[in-house]
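Have a look at the structure below before the remarks.
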Amino acid sequence: MSGGRAVWGVLAVTLAWGAGAAHAATPPATLHCTNTTSGATWDIPVDLAHGTVDQVPARITPRIIAWKDSTLHYWEFHRATGALDMHVASSTGGFYLTDRCVLK
């Protein structure tokens, strides 16, 4: 019995270490964005390993990266098109802006 427990313990430690190594191996990424009207550019840090964008929790899928910032604006980056949509809710209906980004 104790031999079986030892094997399971080693397996659990190996799996945990492997998962940690996979996260450590994923380098931080950056969304490099451009305002299509003014030409202004800026970078937004993305941590794919920890599921954050600009240090806030994000939903990261193969199709989109979405998050809310500290002012509760909702951002959605569409990986296929490079469109970054910012949605702003308000009592008058709100608005949205679209910029272009590249995930580096």
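Structural remarks
- Within the range 63-74, considering residues that are part of a loop (DSSP other than H, G, I, E, B) and charged (D, E, K, R), the one nearest to THR37 (Cα to Cα): ASP69
- Residue within the range 69-81 that is free of Cβ contacts under 8 Å to residues at least 60 places away in the same chain, out of contact with any Phe, Trp or Tyr (no Cβ under 7 Å at 6 or more places or on another chain) and surrounded by 16 or more Cβ atoms within 10 Å (Cβ to Cβ) present: yes
- The listed residues are ALA58, ALA83, ALA49, and the only one of them that is within 15 Å of VAL102 (Cα to Cα), touching a Ser or Thr at 6+ places or on another chain (Cβ under 7 Å) and aliphatic (A, V, I, L, M) turns out to be ALA83.
- Candidate set from the range 75-97 (those that are among the hydrophobic types (A, V, I, L, M, F, W, C) and part of a strand (DSSP E or B)); member that is farthest from VAL46 (Cα to Cα): PHE95
- Subset of the range 64-74 (residues that are among the small types (Gly, Ala, Ser) and either closer than 17 Å to ASP43 by Cβ or touching a Lys or Arg at 6+ places or on another chain (Cβ under 8 Å) (or both)): ALA66
Values in this text are rule-based calculations from the coordinates and carry no lab data. For clarity, every value in this text was computed on a predicted model and none was experimentally measured. So basically every Cβ, Gly included, is an ideal-geometry build from the backbone, and we count neighbours across all protein chains shown.
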